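To keep things clear, I will list the structure first and then write my remarks on it.
The values are calculated or read from the model by the stated rules, or taken from the named source; none is laboratory data. If you're wondering where the values come from, they're calculated on a predicted model, not measured in any experiment. Neighbour counts run over all protein chains shown; Cβ positions are idealised from the backbone, glycine included.
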Amino acid sequence: MSATTAGTPYGTIPPASPLPQRRPVSLPRLAQMRAAGEKITMLTAYDATFAAVADSAGVECILVGDSLGMVCQGLHSTVGVSLQDMVYHTASVTRGLHRAQATAWVIADMPYGSYAESPEQALRNACQLMQAGAHMVKLEGGGWTAPTVRFLVDRGVPVCAHLGLTPQTVHALGGYRVQGKDAQAAATLRQHALELQDAGAAMLVLEMVPAALSAQLTAELPDCHTIGIGAGNGTAGQVLVLHDMLGVNLGKMAKFVHNFMADAGSVKGAMEAYVKAVKDGSFPDNALHAW
Ligand code: KIV
């Protein structure tokens with residue numbers, strides 16, 4: 001028995017596919033997908049096995065989200081997640097993907113307080129996540145983050161921005177609420193999105209933003225792929241938190257989430273159903289999941 005099939009008593013991560021190997025997901029490949037009108041799929045994962053299964057189900061992007069604070073650590077918000085936590089989970093995910101000869105693009109969240117002091121502080125911390133195996137880092141916030149995004153991108157660190165509901169500032173926002181609803185808030189959000197694209201952000205998560213606004217931003221941001229969560233179906237791609245889409249959320253499920261496990265026989269089946277629904281445009285359904 002070869003080393004790869006021998007495994008361990010606790011589950012194995014087999015190679016996803018025999019040779020010839022699949023093409024790794026890269027920024028040029030994501031741009032090609034978008035140009036061809038193919039939606040980008042993203043799921044969060046926090047460990048080796050789920051990351052490998054998501055990859056084998058066809059998910060292009062794995063987000064090591066600081067939502068791990070809630071779903072793995074039992075915290076009430078993402079504020080308590082440390083850089084060490086993010087490095088640990090990023091390394092676990094990328095190890096699992098590597099063992100599975102997987103191709104997914106890995107994005108690691110920069111946690112609360114790890115990029116607000118200065119661009120230099122952000123670079124030091126981003127380097128730790130990149131050295132743990134991430135291909136890109138994600139940071140939350142509007143115009144004030146643009147100089148930091150530029151600083152990171154100029155130094156070879158790809159950046160995903162995050163606007164709308166930014167969970168790290170939940171206490172300042174006054175709760176997990178829809179953002180960009182009135183004309184003034186929508187104009188500010190649009191201005192921030194344009195600044196972040198100009199600064200070099202290659203991706204932008206739009207969380208809990210009205211569907212019409214996120215569709216408009218998608219059209220206005222050709223160089224920055226919009227990834228929606230609770231933002232309607234007009235974005236370049238979609239992301240969900242793994243536990244939510246598997247229906248293992250113990251609290252109240254957000255209105256925009258769909259439990260893909262309910263009709264699937266396996267975790268991989270649920271992920272494949274998610275990929276199919278995003279690609280064929282049936283998820284999210286604006287009538288059900290947009291504001
Ligand atoms: O931390 C996370 O999982 C996220 C997603 C909700 C986009 O940022």
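What about L189, is it in contact (Cβ under 8 Å) with a residue 40 or more places away in the chain and buried (at least 24 other Cβ atoms within 10 Å of the Cβ)?
It is false that L189 is in contact (Cβ under 8 Å) with a residue 40 or more places away in the chain and buried (at least 24 other Cβ atoms within 10 Å of the Cβ).
Looking at region 81-135, which of the residues that are outside any loop (DSSP other than H, G, I, E, B), under 18 Å from the mean Cα position of the chain (by Cα) and among the polar types (S, T, N, Q) is nearest to R150 (Cα to Cα)?
Among them, the one singled out is T90.
When only residues in region 48-75 that are within 14 Å of the ligand (Cβ to nearest atom) and in a loop (DSSP other than H, G, I, E, B) count, which is farthest from P24 (Cα to Cα)? Break it down into steps so the answer makes sense when it comes.
Initially, region 48-75 is screened for residues within 14 Å of the ligand (Cβ to nearest atom), giving 50-51, 54, 59, 61-73, 75.
Among the residues that remain, those that are also in a loop (DSSP other than H, G, I, E, B) are: 59, 65-67, 72-73, 75.
Numbers: V59: 12, G65: 21, D66: 24, S67: 25, C72: 28, Q73: 31, L75: 34 Å.
It comes out as L75.
Could you tell me which of the residues Q168, Q191, Q179, Q184 is part of a helix (DSSP H, G or I) and within 16 Å of the ligand (Cβ to nearest atom)? Steps first, please.
Details: Q191 fails: within 16 Å of the ligand (Cβ to nearest atom); Q179 fails: part of a helix (DSSP H, G or I); Q184 fails: within 16 Å of the ligand (Cβ to nearest atom).
Result: Q168 is the single residue among Q168, Q191, Q179, Q184 that is part of a helix (DSSP H, G or I) and within 16 Å of the ligand (Cβ to nearest atom).
Being of a type outside the set (F, W, Y) and farther than 19 Å from T90 by Cα is the requirement here; does L152 meet it? I'd like the intermediate steps shown before the answer.
Numbers: of a type outside the set (F, W, Y): yes; farther than 19 Å from T90 by Cα: no.
Spelling it out, it is not the case that L152 is of a type outside the set (F, W, Y) and farther than 19 Å from T90 by Cα.
In region 86-105, how many residues are within 16 Å of the ligand (Cβ to nearest atom), buried (at least 24 other Cβ atoms within 10 Å of the Cβ) and among the aliphatic types (A, V, I, L, M)?
Qualifying residue count for the region: 3.
Looking at (1) modelled with pLDDT of 95 or more; (2) closer than 22 Å to L240 by Cα, can you tell me which one R155 breaks?
The one condition R155 does not meet is (2).
Mind checking whether some residue in region 143-159 is crowded, with 24+ Cβ neighbours inside 10 Å, β-branched (V, I, T), in contact with a Lys or Arg (Cβ under 9 Å, 6 or more places away or on another chain) and outside any helix (DSSP H, G or I)?
Yes, region 143-159 has at least one match.
Any residue in region 110-125 that's within 15 Å of V157 (Cα to Cα): show its pairings with residues that are of a type in the set (G, A, S) and surrounded by 23 or more Cβ atoms within 10 Å (Cβ to Cβ) at Cβ separation under 6 Å, as long as the two are six or more apart or on different chains.
So the pair list comes out as Y115/A122; N125/S114.
Considering region 198-220 alone, what residues qualify as being farther than 23 Å from L173 by Cα and of a type in the set (V, I, T)?
T218
Go through region 33-52 and report how many residues are surrounded by 24 or more Cβ atoms within 10 Å (Cβ to Cβ) and over 13 Å from the mean Cα position of the chain (by Cα).
1
Looking only at region 199-220, how many residues end up being on the phi < 0 side of the Ramachandran plot and either touching a Lys or Arg at 6+ places or on another chain (Cβ under 8 Å) or crowded, with 24+ Cβ neighbours inside 10 Å (or both)? Steps first, please.
So in region 199-220, the residues on the phi < 0 side of the Ramachandran plot come out as 199, 201-207, 209-220.
Within this subset, residues satisfying the condition of being either touching a Lys or Arg at 6+ places or on another chain (Cβ under 8 Å) or crowded, with 24+ Cβ neighbours inside 10 Å (or both) are 199, 201, 203-206, 209-210, 213-214, 216-218, 220.
Residues in region 199-220 being on the phi < 0 side of the Ramachandran plot and either touching a Lys or Arg at 6+ places or on another chain (Cβ under 8 Å) or crowded, with 24+ Cβ neighbours inside 10 Å (or both): 14 in total.
Please give the helices (runs of 4 or more DSSP H) falling wholly within region 195-291 in which 2 or more residues are away from the ligand (no atom under 16 Å from the Cβ). Steps first, please.
Details: elements: 211-220, 242-245, 267-279, 286-289.
Once the helices (runs of 4 or more DSSP H) in region 195-291 are filtered for at least 2 residues that are away from the ligand (no atom under 16 Å from the Cβ), what remains is 211-220, 267-279, 286-289.
Can you pull out every residue in region 109-150 that is more than 16 Å from the ligand (Cβ to nearest atom) and within 15 Å of T166 (Cα to Cα)?
Matches in region 109-150: A116, G143, W144.
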